[in-house]
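Below is one structure, written out as structure tokens, with a few remarks after it.
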Amino acid sequence: MRRRWRTHDGTLLRRLIAVGGTIFLILLVMMSLVWSALIWSGTPSEVSVDRPSFYSSASNGRLRSIVDVFKPHSLWVWTSGNELFRIGGGSKTATKLMSQLQAATALSLTGYPLGRNAPTMPPSGQYLALRFGDGRVPVTLLMSLFKETNWHDLGDVSSLFFLTSTSDPSRYTITFQIGKTVFRAALIHAPRTLQYFFSPNDQATPYAQIPFGKQQLFLPYSSAVMRVEEWTLSQVEPSHMIDSIFADPTMLQTVRLSKRQMLYTDGSRGVSVTRTAYGNEIDYVTNSTPLNHVHFTARAALGAAVSYVNNHGGFLGAQVFSHASALSSGRMEFSFSDMIDGWSLFGPLDHLTVGVASGSVVSMSRSLTYLGKEIEQRKQKILSGTQLIERLGENQTRSITSISLGYGERLLSDNHVQLVPVYQLQLHNHTVKYVYAATGAPFSLSGV
Amino acid sequence: MDFGKVKALLIAVFLGLNLFLGYQWWLLQKAVAVYSQPLSDQLANVQSELATHGVTLKAPVPENQPVMPQLHVNYSPVSLRGLSSALWPRSVRVQWPGLSAHVINSPFGSIRITSPGQFMENLNPHFAARQAKFPMKKLSQGLQKYLIKHGYNFASYQQLATYQKGSQTTVIYVQQYNGYPIFSARLTAYLSHGQLQSIRQTSFNVLGAANPRQVSSPISALLSLSQYMDKADLNADNTIQDIRLGYYSSVISDHGWYLAPVWRIDTTLGVFYVNAVTGEVGVGVA
């Protein structure tokens, strides 16, 4: 009897524990639902200020810093034997030089008004020059090349020259010209190996300075060999980019602007998506009035632009800084373009322009199509500078202000592009023409 | 299957989940604690946040948080005939240079349609000296009386701001929708020594309303502004002079566009427009 009761007691207790456990589990499940509902509904709209990051498709491009983006398009070496060589900005040599400069500090600048006692420009004797993009760059951007360098916003420069001391080749000076003043600064803590960059290597292309009217053209000295390349095209899905720009995509409204153009807006910001032969392009705009009496340096503005691109899809391809312009509206606009084998890429692919006002990005225009994989290449001999001038003839050359060598884009199909060596001719009336670098025949960027 | 063990496992899992969710909720409460404080405390907190960026608040802070939609708008078409009959007396002799003309002249001045929905009236100085010159002390009232009589659709506009620079005065009125100003549809009056020189006016047609939402409080708009300044590293001395709720957009298209509900924060450095739903901040036209 006692034993039965014990058994009965034990069963009852176990059953009580089992029922209690079930009730406890149900309570826990219900509590988790309540917590979830509280968290879901408890996030007030007031706390949303600006979505800081791009989360819908972060893998489209690469994240870059100012140092990665602000690179020279070309290095120019002028030897003691008066020979000129060009090294591409994307080459290993240029990358090594940039990393070595990061260890050096440029001291404060001294200005010399142009005149008898001023240093000559370009400097006489051996030098190494850096050219950035296709135009002039604000001097404050040059500071980012060096460590702990602080200069005033003096204006724009077209080239930055490095000189070595004749008495001690390990002492360096940098120099550039702004208006009618030549500026110089000593470079300290520069690695000893910097002197190697003052001599041409196997990545250097010999160049000639060809007198042309009142100016000089810089063109290949001999018939260099370049490549004709065929690439696949990759596309970024426009919806990913659009979603990354708006804080609350549920507020989005659409307006059809034309057959090929749609506008997405929440009232505060607008993104238009345009379908072109090369794929989609987007243009983002928002309020863009600059604040009164608030000045931001070009360097701070470029920092804001780079950070914005990183947070909205990243940099596609091998985009680097190509142009900075201060607009009359108080905005600063930066253009970025692609480089192939150390040469500029001419055409609509990978184009990116970012506008900054009062420290914030207010516009961005970019192509969503970029170079995917290289699938074919062949070597091609190009015309030397003198051969090109001969082929163009007097009629065509009369209106030329400058000539640059690079790659032109020729669309083969919706997802294939051919990159062809071309000479870009800048003309007096600010128009641009292209000719095949191999033949001198006219080249059209639209291709097909 | 041993249900006892499964149940024990489920209890352990849900216990862990509840602890995690409870911690998340506590973090959320901590983050939004500012919104449960009394208004005066919230304001004091925001003021001290703004002060870290050199901003002083010298404007009354509204307390309303209405439900407002996005407005679908386009330019309201204006015709020279309609403008001349509204701005000038019917008896006046108007010179009509041609059907496709964009400018008309009369002894009262000239009217030019600058773009669809926008026009500019330049007043004849002789007429203005007699009819549109106001004593500086009562300039605002005098101008308003004049515009009620000689303005185009003036009843749908409300005064926004007056800027004085030496003898030059600029008075800005804005079109309103349901009592809220549309900051980008403006009537700007330019005066010199109290005499009206010209008027530039833009009118919108409201085609529809979408996505009505309760707007954020002005306190959170100020908080958004403070965070924007933090992000943009803006620390110049600045004073907030006016805070108003209305509609605005800088994104305009020929095919119609949308205005967002915004808090307009007028400061000495410029005017900030804070989206009253998303909290995004931008700098816009004064």
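Please go through region B:254-286 and pick out each residue that is small (Gly, Ala, Ser), at the interface with chain A (Cβ under 7 Å from one of its Cβ atoms) and open to solvent by 10 Å² or more (accessible area, probe 1.4 Å).
So the first thing to find is which residues in region B:254-286 are small (Gly, Ala, Ser), and the list is B:256, B:260, B:270, B:276, B:279, B:282, B:284, B:286.
After this cut, where a residue has to be at the interface with chain A (Cβ under 7 Å from one of its Cβ atoms) as well, the list is B:256, B:260, B:270, B:279, B:282, B:284.
Listed by number, the list holds a single entry, B:Gly270.
Report yes if some residue within region B:1-21 is among the basic types (Lys, Arg) and in the same structural domain as B:Asp254 (by TED's automatic domain parsing); otherwise report no. Break it down into steps so the answer makes sense when it comes.
Step one: of region B:1-21, the residues among the basic types (Lys, Arg) are B:5, B:7.
Now drop any that are not in the same structural domain as B:Asp254 (by TED's automatic domain parsing), which leaves none.
No, region B:1-21 contains no residue that is among the basic types (Lys, Arg) and in the same structural domain as B:Asp254 (by TED's automatic domain parsing).
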Of the conditions (1) open to solvent by less than 60 Å² (accessible area, probe 1.4 Å); (2) part of a helix (DSSP H, G or I); (3) among the β-branched types (Val, Ile, Thr), the single one that B:Val13 does not satisfy is (1)
Only one of (1) closer than 27 Å to B:Val46 by Cβ; (2) in contact with a Gly (Cβ under 9 Å, 6 or more places away or on another chain); (3) outside the structural domain of B:Ala59 (by TED's automatic domain parsing) does not apply to B:Gly179, and that is (2)
Residue, farthest from B:Arg264 (Cα to Cα), within region A:275-294, restricted to residues that are surrounded by fewer than 18 Cβ atoms within 10 Å (Cβ to Cβ) and of a type in the set (S, T, N, Q) | A:Thr276
Filter pass, A:Gln177 being over 29 Å from A:Gln418 (Cβ atoms), at pLDDT below 85 and part of a strand (DSSP E or B) = no
Where in region A:240-352 are there strands (runs of 3 or more DSSP E), lying fully within it, with 2 or more residues that are in the same structural domain as A:Val157 (by TED's automatic domain parsing)?
-> none
Identify, from the list B:Arg186, B:Arg213, B:Arg244, the residue that is among the basic types (Lys, Arg) and within 11 Å of chain A (Cβ to nearest Cβ).
-> B:Arg213
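May I ask you to say which residue of B:Gln214, B:Gln241, B:Gln227 is under 18 Å from B:Gly179 (Cα atoms) and either touching a helix residue (DSSP H, G or I) at 6+ places or on another chain (Cβ under 6 Å) or not aliphatic (A, V, I, L, M) (or both)?
On the way: B:Gln241 fails: under 18 Å from B:Gly179 (Cα atoms); B:Gln227 fails: under 18 Å from B:Gly179 (Cα atoms).
Among B:Gln214, B:Gln241, B:Gln227, only B:Gln214 is under 18 Å from B:Gly179 (Cα atoms) and either touching a helix residue (DSSP H, G or I) at 6+ places or on another chain (Cβ under 6 Å) or not aliphatic (A, V, I, L, M) (or both).
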Look at A:Leu187 and say whether it is in a loop (DSSP other than H, G, I, E, B) and hydrophobic (A, V, I, L, M, F, W, C).
-> no
Report whether or not B:Tyr177 is over 22 Å from B:Ala51 (Cβ atoms), open to solvent by 10 Å² or more (accessible area, probe 1.4 Å), within 12 Å of another protein chain (Cβ to nearest Cβ) and aromatic (Phe, Trp, Tyr).
-> no
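Residue by residue through region A:269-282, note down the ones that are closer than 27 Å to B:Pro212 by Cα and out of contact with any helix residue (DSSP H, G or I) (no Cβ under 9 Å at 6 or more places or on another chain). Break it down into steps so the answer makes sense when it comes.
Pass one, region A:269-282, residues closer than 27 Å to B:Pro212 by Cα: A:269-273.
Listed by number, the residues that qualify are A:Gly270, A:Ser272.
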Inspect region B:58-65 for any residue being surrounded by 12 or more Cβ atoms within 10 Å (Cβ to Cβ), modelled with pLDDT of 85 or more and closer than 30 Å to A:Leu263 by Cα and give the result as yes or no.
-> yes
Could you list, in sequence order, the residues of region B:80-111 that are part of a loop (DSSP other than H, G, I, E, B) and open to solvent by 60 Å² or more (accessible area, probe 1.4 Å)?
-> B:Arg90, B:Ser91, B:Arg93, B:Trp96, B:Pro97, B:Leu99, B:Ser100, B:His102, B:Pro107
When only residues in region A:392-448 that are of a type in the set (Phe, Trp, Tyr) and over 20 Å from A:Gly133 (Cα atoms) count, which is surrounded by the most Cβ atoms within 10 Å (Cβ to Cβ)?
-> A:Phe443
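Yes or no: B:Ser198 in contact with a Ser or Thr (Cβ under 7 Å, 6 or more places away or on another chain), among the hydroxyl-bearing types (Ser, Thr, Tyr) and either surrounded by fewer than 21 Cβ atoms within 10 Å (Cβ to Cβ) or in the same structural domain as B:Leu245 (by TED's automatic domain parsing) (or both)? Steps first, please.
Numbers: in contact with a Ser or Thr (Cβ under 7 Å, 6 or more places away or on another chain): no; among the hydroxyl-bearing types (Ser, Thr, Tyr): yes; either surrounded by fewer than 21 Cβ atoms within 10 Å (Cβ to Cβ) or in the same structural domain as B:Leu245 (by TED's automatic domain parsing) (or both): yes.
No, not satisfied.
Conditions (1) of a type in the set (A, V, I, L, M); (2) in contact with an Asp or Glu (Cβ under 9 Å, 6 or more places away or on another chain), marked per residue:
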site: A:Glu374; (1), (2): no, yes
site: A:Ile382; (1), (2): yes, no
site: A:Glu390; (1), (2): no, no
site: A:Asn395; (1), (2): no, no
site: A:Tyr407; (1), (2): no, yes
site: A:Ser413; (1), (2): no, no
site: A:Pro421; (1), (2): no, no
site: A:His430; (1), (2): no, no
site: A:Val435; (1), (2): yes, no
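Please find, among A:Ser272, A:Ser258, the residue that is at the interface with another protein chain (Cβ under 10 Å from one of its Cβ atoms), surrounded by fewer than 22 Cβ atoms within 10 Å (Cβ to Cβ) and within 26 Å of the chain's Cα centre (by Cα). Walk me through it before giving the result.
Details: A:Ser258 fails: within 26 Å of the chain's Cα centre (by Cα).
When all the criteria are applied, what remains is A:Ser272.
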If you check B:Leu191 against the conditions, is it open to solvent by 10 Å² or more (accessible area, probe 1.4 Å) and among the aliphatic types (A, V, I, L, M)?
-> no
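Just the residues that are surrounded by 21 or more Cβ atoms within 10 Å (Cβ to Cβ) and within 14 Å of chain B (Cβ to nearest Cβ), please, taken from region A:360-378.
Looking only at region A:360-378, we keep the residues that are surrounded by 21 or more Cβ atoms within 10 Å (Cβ to Cβ), and these are A:360-362, A:364, A:366-371.
Residues satisfying the conditions are A:Ser360, A:Val361, A:Val362, A:Met364.
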Index of the failed condition, A:Glu333 passing every other in (1) modelled with pLDDT under 90; (2) open to solvent by 40 Å² or more (accessible area, probe 1.4 Å); (3) more than 24 Å from A:Asn150 (Cβ to Cβ) | (1)
Selection from region A:294-316 of residues that are away from every other protein chain (no Cβ under 14 Å), β-branched (Val, Ile, Thr) and in contact with a strand residue (DSSP E or B) (Cβ under 8 Å, 6 or more places away or on another chain) = A:Val309
Those residues that are within 14 Å of chain B (Cβ to nearest Cβ) and either at pLDDT 85 or above or farther than 19 Å from A:Ala324 by Cβ (or both), I need them from region A:276-293; list them, please.
-> A:Ile282, A:Asp283, A:Tyr284, A:Val285, A:Thr286, A:Asn287, A:Thr289, A:Leu291, A:Asn292, A:His293
Residues being without any contact (Cβ under 8 Å) to a residue 40 or more places away in the chain and within 13 Å of A:Leu114 (Cβ to Cβ): count how many of those fall in region A:177-198.
-> 2
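The values are calculated or read from the model by the stated rules, or taken from the named source; none is laboratory data. Keep in mind that what you see is a predicted model, and the values were worked out from it rather than measured. FYI the Cβ positions are ideal-geometry reconstructions off the backbone, even for glycines, and counts take in every protein chain you see. Side chains are part of the model used for accessible areas, which takes the heavy atoms of the whole protein and leaves out ligands, DNA and RNA. Shrake-Rupley method; radii C 1.70, N 1.55, O 1.52, S 1.80 Å.
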